[in-house]
Every structure is written in structure tokens, then in C-alpha cells.
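Asks: Structure below; questions to follow.
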Amino acid sequence: MSDAIESQGAKLEIGTGSGGADSITAITEAGIMQVTSAGHGNSAGDVGAFASVGGMTELNGQTLMIIATETDEMFFDVDSTGYTTYTSGGTFTPVTYTEVSEVTDWDGPGGAAAVIDVSHLQSTAKEKMMGLMDEGQLTLTVNWIPSDTGQLALQTARAARTLKNFRLTYSDGTIQTFSAYVLNFSTAVSVDDRVVGSITLEISGLVTTT
């Protein structure tokens, strides 16, 4: 049987708010960071922001995705072995999302790292090194619905030039999360056809998959 993922059922969501803050009581220094928060209620694929963490202050201000959960534990693909030892307090506040309706297709994420030329006078051929990872853009098309809250959120983010959290969910349950700017939201009209919206998201940072 093929392991191909069916495209039907995939969806795009934009972060539009935040849920209730979960109180943290412990954080491990480990290759896979474990955060203890009694009855947190979050799930793998959820994204949230850390704040007011005592000791392990490197986490404050970071927005990270949960890769697995237990009743009172959240696990993150973060190597915290070099972080300062956790002492007390802190919160994890999950991002809440709004679905962008009537998406007909998308292309991305995807990009190419810069190629850095490190050739020198003794080189016998071009020598190169890879630059920083570039996750590129995600472009999508929608049936334009002026009243749709998700589409309106995209337009608002574009006008405000704000970095937003996004989540792609596929039909097999795979989730990708990333941060991006809305570069473009344009509409196109033609005879005997629907009004189409074309959107471009410029991704900043890494795309996380779980």
C-alpha cells in the first residue's frame, strides 16, 4: 500500500490569539526538553510561548511546538542541556488558530540556502559552503470570501506587517508550524469564473513538522 498522503482534507490556519496560560512546575535539561504543567490539556502540534521562567531564562520569549504529551508533561524538540537550571515558575501560553477557508491549493514551504563561495588562491576548483537554511515561501489560492475570518486575518496581518504563527494540517494528521509575514493578498476576476485570492507568505525561521 502506498504511503502517499491525500491532499483532500488539508487545512491552513493562522494564529489569531492565545489560550489560557499553563503554569510550569519543572523543566528538564535534556536532549528532548520535558516541561511539567499539571493538567495542561495541550496536544502534539500545539504551539505556545514561554514567559516568566525562573532560572532557565533562555526560554522566555520563545515560541515552540509540542512534539508529544502526557497528562502533566509536554515534550519539545529542544536540546536544553546547555540551558541554565530551572528554578521556579513560568508559563506556557498556547497559540489559538483560525482556519483560512476555501483554500484550493498551496505550494511550499520550500526554499534554498545561499551558496557561499570560499574559494581561495590555492583552490583548484570552486569551493563552497552552505549558508543558513531558508524555508522560502508558501503560496496559496483561495476562493475569495470577504467575510471569512481567516482570510480577513491574513489581510490584517499584511496591513500591520506583523509576524504571525501558521499551522498546516494534513489528512494523515501530520502538522507543520512556522512563522511568516503575509507579503501579498491579491484578487483576480475573469469572465464566468469565481473571484480568486492569491496569497504569499514569507517564512521566517524554521518549519517544524510533527
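Derivation of every value follows stated rules applied to the coordinates shown; laboratory data play no part. Since the structure is predicted, the reported quantities are computational estimates derived from the model, not experimental observations. Here the Cβ positions follow ideal geometry from the backbone for every residue, glycine too, while neighbour counts run over all protein chains shown.
Asks: Rounded, prolate or oblate: which fits the stretch 146-195 when a ≥ b ≥ c are the square roots of the eigenvalues of the alpha-carbon gyration tensor, with rounded for a/c under 1.5 and prolate only if a/b beats b/c?
Replies: oblate
Asks: Then there's this: I'm spelling it out carefully: the read-out is percent of Cα pairs over 29 Å apart, the candidates are (i) 39; (ii) 19; (iii) 43, and one was derived from this structure. Which label?
Replies: (i)
Asks: Between the stretch 76-94 and the stretch 134-186, how far is it from one alpha carbon centroid to the other, in angstrom?
Replies: One Cα centre to the other: 29 Å.
Asks: In Å³ and rounded to a whole number, note down the convex hull volume per residue for the Cα atoms of the stretch 66-181.
Replies: Numbers: hull volume 27.7 nm³, N = 116.
It comes to 239 Å³ per residue, whole-number rounded.
Asks: If you put +1 on each Lys and Arg Cβ and -1 on each Asp and Glu Cβ, how big is the dipole of the chain around its Cα centre, in Debye rounded to 20?
Replies: Numbers: 8 positive and 25 negative charges, 130 e Å.
For this selection, approximately 620 debye.
Asks: If you build a Gaussian network model of the chain, linking Cα atoms that sit under 10 Å apart, which residue out of L121, L12, L183 swings the most?
Replies: The residue with the greatest mean-square fluctuation here is L121.
Asks: Run the numbers on the stretch 17-95 and let me know its relative contact order in percent, using alpha-carbon pairs under 8 Å that are six or more apart. Numbers along the way, then the final one.
Replies: Working: 203 pairs, mean separation 35.2, N = 79.
With pairs under 8 Å counted, the relative contact order is 45 percent.
Asks: Put +1 on the Cβ of every Lys and Arg and -1 on every Asp and Glu Cβ in the stretch 17-95; which of I32, S80, G19 then has its Cα farthest towards the positive end of the dipole?
Replies: Result: G19, furthest along the dipole toward the positive end.
Asks: Work from the charge dipole of the stretch 103-209 (Cβ charges, +1 for Lys and Arg, -1 for Asp and Glu, about the Cα centre) and give the residue of F178, A112, N143 farthest towards its positive end.
Replies: Sorting the options by dipole projection puts first F178.
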